[in-house]
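What follows is a short report on a single structure.
What follows draws every value from the coordinates through simple rules; no lab data is involved. Keep in mind the model is a prediction, meaning the values are calculated, not measured.
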């Protein structure tokens, strides 16, 4: 998923929107009836990034992984949050944080 949001703690990051890419994957209990509509995962993600400005990629990834892991039938969730345009003073394709949660 791709969104254009204000993300980061530096002054220019809080003022100007930038690209944020998110991969949200879940594993379902194979004994659980029904399906998980991917629109649910998209809506969950869209709602989370709508509360901008976002401070840290870790916060976004943690919230998404925990919310997705709490959905009915989901046993594991993995959220990868990438910011492609990061100014660090040298070459860098992107900054990425991955958080995984397993329901016990």
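The figures follow:
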| read-out | value |
| --- | --- |
| Relative contact order computed over the chain (Cα-Cα under 8 Å; 6+ residues apart), in percent | 30 |
| Within a Gaussian network of the chain (alpha carbon springs, distance under 10 Å), most fluctuating of 40, 62, 75 | 40 |
| Alpha-carbon Rg/Rh ratio, for the chain, with Rh computed the Kirkwood way | 1.03 |
| Within the chain, helix-based [θ] at 222 nm, where runs of 4 or more DSSP H residues each add -39,500 (n - 2.57), nearest 500 | -8500 deg cm²/dmol |
| Most mobile of 73, 89, 34 in a GNM of the chain (Cα contacts under 10 Å) | 89 |
| Degrees, to the nearest 10: 38-49 long Cα axis against longest axis of the chain | 40 |
| Folded to 0 to 90 degrees: helix 57-69 orientation relative to the chain principal axis, Cα | 10 |
| Gain on full stretching of the segment that runs from residue 1 to residue 35 - 0.36 nm per residue minus C-alpha separation | 10.2 nm |
